[in-house]
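Asker: I have a structure here, written as structure tokens, and I will follow up with some questions on it.
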Amino acid sequence: KLPGTIHSAAAEVEAAGGKALAVQCDIRDEASVLAAVAQAVQRFGGIDILVNNASAISLTPTPATPMKRFDLMFGVNVRGTYLCTQACLPELVKSAQAGRNPHVLNMSECTLGHAGEFRPHGIAVNSLWPRTAIATAALQMIPGVDLNLCRKPEILADAAWWILTSESKGTTGQFFIDDELLARHSVHDLDKYSV
């Protein structure tokens, strides 16, 4: 129900000068993920960065969250993150061996365990969270959310850049907050990120 498609997102990336591959994939399905990773490796020659950004959300307290919704959130946010990381791991190891500074950036779970497990390979695993709600199409579908209190997605993009360009062997197992990370890099004027 969200606006846009994987194809329109890929077109935006390419219009901005990047290269994209639109692949329909359910990250809860192992065969689907393995096929997507294989297609990416075939198209781009490897994987240096994995961003686990897919999510399922319900802004309800525990008593008001049906188990069907919990199962969906756990399936996407935890199992999906784990599966995508597992599927990309061989390519991330190759990237580290080639000195290409591989990273996994999670917008959900699994950061600490994977950071410790993959540290010997030189692969960084970190999490990035927004301090405020971010004005996305998905958030607009939740009743009662005041978008005027949100920040633009660009704040996460800028914060992610600092993480993904850091040395993978020295920056791992961290849970970053977008504006704190930007402040560490002398970005203090956050007005441009306000809705």
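The values are calculated or read from the model by the stated rules, or taken from the named source; none is laboratory data. The structure presented is a predicted model; accordingly, all values stated were derived computationally and were not measured. Surface accessibility is based on the protein's heavy atoms, side chains included, excluding ligands, DNA and RNA. Shrake-Rupley method; radii C 1.70, N 1.55, O 1.52, S 1.80 Å.
Asker: Springs between alpha-carbon pairs under 10 angstrom, Gaussian network model over the chain: which of Ala36, Ala138, Ala159 fluctuates most?
Answerer: Ala138
Asker: Can you tell me what share of the DSSP beta bridges in the chain is antiparallel? A percent to the nearest 5 is fine.
Answerer: So the antiparallel bridges in the chain amount to around 10 percent.
Asker: Rounded to the nearest 500, what is the 222 nm mean residue ellipticity of the chain from helices alone, with -39500 (n - 2.57) per DSSP H run of 4+ residues and division by all residues?
Answerer: For the chain, the value works out to -12000 deg cm²/dmol.
Asker: What are the residues whose amide H is under 5 Å from the amide H of Ser194, where those residues sit 5 or more places off or on another chain and H is modelled from the backbone?
Answerer: When sequence neighbours closer than 5 places are left aside, the close amide H contacts are Lys152.
Asker: Using the Cα gyration tensor of region 134-195, with a ≥ b ≥ c the square roots of its eigenvalues, what is the shape: rounded (a/c below 1.5), prolate (a/b larger than b/c) or oblate (neither)?
Answerer: prolate
Asker: Which whole-Hz ³J(HN,Hα) couplings does region 35-52 yield from phi under the Karplus relation 6.51 cos²θ - 1.76 cosθ + 1.60, θ = phi - 60°, glycine and proline marked x?
Answerer: Coupling constants for region 35-52: 5, 5, 4, 4, 5, 5, 5, 5, 6, 10, x, x, 9, 9, 9, 10, 10, 8 Hz.
Asker: Shifting gears a bit: Answer with a single label: of (1) 141; (2) 112; (3) 170, which was calculated as volume of the Cα convex hull per residue in Å³ from the structure in view?
Answerer: Identified label for the calculated read-out: (1).
Asker: With θ taken as phi - 60° and the coefficients 6.51, -1.76 and 1.60, list the Karplus ³J(HN,Hα) couplings across region 185-195 in order, rounded to whole Hz; mark glycine and proline as x.
Answerer: Karplus values, whole Hz, x for Gly and Pro: 10, 6, 9, 10, 8, 9, 4, 5, 8, 6, 6.
Asker: Let me ask you something else. Name the most mobile residue of Gly17, Gly99, Gly116, meaning the one with the largest mean-square fluctuation, in a Gaussian network model of the chain with Cα contacts below 10 Å.
Answerer: Gly17
Asker: Ignoring any ligand, DNA or RNA, what whole percent of the accessible area of the chain comes from carbon and sulfur when the probe is 1.4 angstrom?
Answerer: Ligands and nucleic acids excluded, carbon and sulfur reach 56 percent.
Asker: Which order do Phe70, Phe176 take by accessible area at a 1.4 Å probe, largest first? Walk me through the numbers before you get to the answer.
Answerer: Details: Phe70 90, Phe176 15 Å².
So, going from the largest accessible area down, we get Phe70, Phe176.
Asker: Please list 3J(HN,Hα) in residue order for region 95-101, calculated via the Karplus relation 6.51 cos²θ - 1.76 cosθ + 1.60 where θ = phi - 60°; whole Hz, with x for glycine and proline.
Answerer: Running phi through 6.51 cos²θ - 1.76 cosθ + 1.60 with θ = phi - 60° gives 4, 5, 5, 8, x, 9, 6 Hz.
Asker: Which value, in Å², gives the accessible area per residue of the chain when a 1.4 Å probe is used on the protein heavy atoms?
Answerer: 59
Asker: Sequence-distant or interchain residues sharing an amide H contact under 5 Å with Val51, placed H: which?
Answerer: When sequence neighbours closer than 5 places are left aside, the close amide H contacts are Leu105.
Asker: If the chain between Gln42 and Leu59 were fully stretched, how many nm would it gain, using 0.36 nm times the residue separation less the Cα-Cα distance? Walk me through the numbers before you get to the answer.
Answerer: Values: separation 17, 0.36 × 17 = 6.12 nm, distance 3.86 nm.
My answer for the length gained is 2.3 nm.
Asker: Sticking with this structure for a sec: Build a GNM of the chain with springs between Cα atoms under 10 Å: which of Thr136, Thr60, Thr81 gets the top mean-square fluctuation?
Answerer: Between Thr136, Thr60, Thr81, it is Thr60 that shows the largest mean-square fluctuation.
Asker: Given H placed on each backbone N at 1.01 Å, which residues far from Ser127 in sequence or on other chains put an amide H within less than 5 Å of it?
Answerer: Asn106, Gln174, Phe175, Phe176
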